[in-house]
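Undergrad: Take a look at the following structure, please.
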Amino acid sequence: MKLMEHPENDKAYKGLKVNGGVEPVGSVNPYLSQMRKKRVSQLSVDDYVNGIRRGDVTILSRAVTLVESLLPEHQAIAQEVVERCLPFSGQSVRVGITGVPGAGKSTSIDAFGMHVLSQGNGKLAVLAVDPSSERSKGSILGDKTRMERLSVHPRAFIRPSASSGSLGGVARKTRETIILCEAAGYDTIFVETVGVGQSEIAVCSMVDFFLLIQIAGAGDELQGIKRGIMEMADGIVINKADGDNIDAARRAATHYRNALQLFPMPASGIRPSVLTYSGFFDIGIKEVWDMVMGYIADVKKNGAFDLRRSSQQKYWLYESLEEQLKSRFYNAEGMEGMLRKYEQLLLSGKITSFSAASKVLEFFDSIE
């Protein structure tokens, strides 16, 4: 088909001329498509396990991606990799870190992590969970930008993950990711959560020490004292205790200590300590980490450490059962149509939500 000539090229328009366009060129690198195919090629379970065991960060990252994937074929491989890595896990110190938005969690983790790595030849993994949008399901995953020193440290592994709306802001597969990191030789694991709330029990169910970060000078400090989160914390630290805010931080620490005296003794037998520090200026970082390690030493001595880990194993058994039951239910053949049918009946006022649920469950029982 002949292309339309530009009217500007008509003889009536003297001095005007429109030249033809340049033909599009191919890729500068003719091997680019081959490289892409090679990069996305699937590894075997042995490749994953051997790569993780020798500390290959690239293979570890790919294994974590498999664990987080919702594709059934990826899940099958991921579960086998996790099970193969299980005998090499369990030797790390797992620390959950949470706090109100703006408390400086990522900055504090950067400071804590650098302190830990300066103590010896150990390795640190940071599993930073970003909140997912309820509308778009997207997540910024910007924690690495706030951990400037750790992000370039050769013995640190930072993995930002989207929370995907899961309980307590903890990514759905963080538990399995911890196992993979431990098998790769990471002896300290930080789990940074989205924020605070009653559902932060999900954090406690996978860590040995639960650290609550608060700030002073942002209003009534007592507003930050919520019974649920306080009862789960193994230690409370007041950040940004620097400059003109030092006195306010100390007063806030006193409020928290007084409040903790009103709570029953934790199952560990150790009442939480309250300290002040500055993550930005690296003030009091050593004292905070000494508190964490002192707690770990004490609970290992009195048997609470092993008891907590055993309770966590049972907790995740039932969590996994619930997850698999939900998956089987919603992915059952014909379930999508059945749900739409009873949605319409519900919206038209012909059936109650309870009756609709019962009918859908009856259908599920009949096809199982």
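The values are calculated or read from the model by the stated rules, or taken from the named source; none is laboratory data. Quantities reported herein were computed from a predicted structural model and do not represent experimental measurements. Positions of Cβ are backbone-derived with ideal geometry, glycine not excepted, and every protein chain shown enters the neighbour counts.
Undergrad: Give, as residue ranges, the helices (runs of 4 or more DSSP H) completely inside the range 226-311 that count at least 2 residues that are under 25 Å from A202 (Cα atoms) and at pLDDT 95 or above.
TA: Per the criteria, 285-302.
Undergrad: Can you tell me which residue in the range 74-122 is nearest to R308 (Cα to Cα), limited to those that are assigned to a strand (DSSP E or B) and at pLDDT below 90?
TA: T98
Undergrad: Answer yes or no as to whether D244 is of a type in the set (D, E, K, R) and in contact (Cβ under 8 Å) with a residue 24 or more places away in the chain.
TA: no
Undergrad: Out of the residues in the range 320-368 meeting the condition of being within 30 Å of A267 (Cβ to Cβ) and without any contact (Cβ under 8 Å) to a residue 60 or more places away in the chain, tell me which one is surrounded by the most Cβ atoms within 10 Å (Cβ to Cβ).
TA: Step by step, filter the range 320-368, then rank; the result is S320.
Undergrad: Give the range 172-203 a look and list any residue that's part of a helix (DSSP H, G or I) and at pLDDT below 85, or say none. It would help to see each step written out before you state the result.
TA: Keep residues of the range 172-203 that are part of a helix (DSSP H, G or I), which gives 174-183, 198-203.
Q198, S199, E200, I201, A202, V203 - these are the residues of the range 172-203 that are part of a helix (DSSP H, G or I) and at pLDDT below 85.
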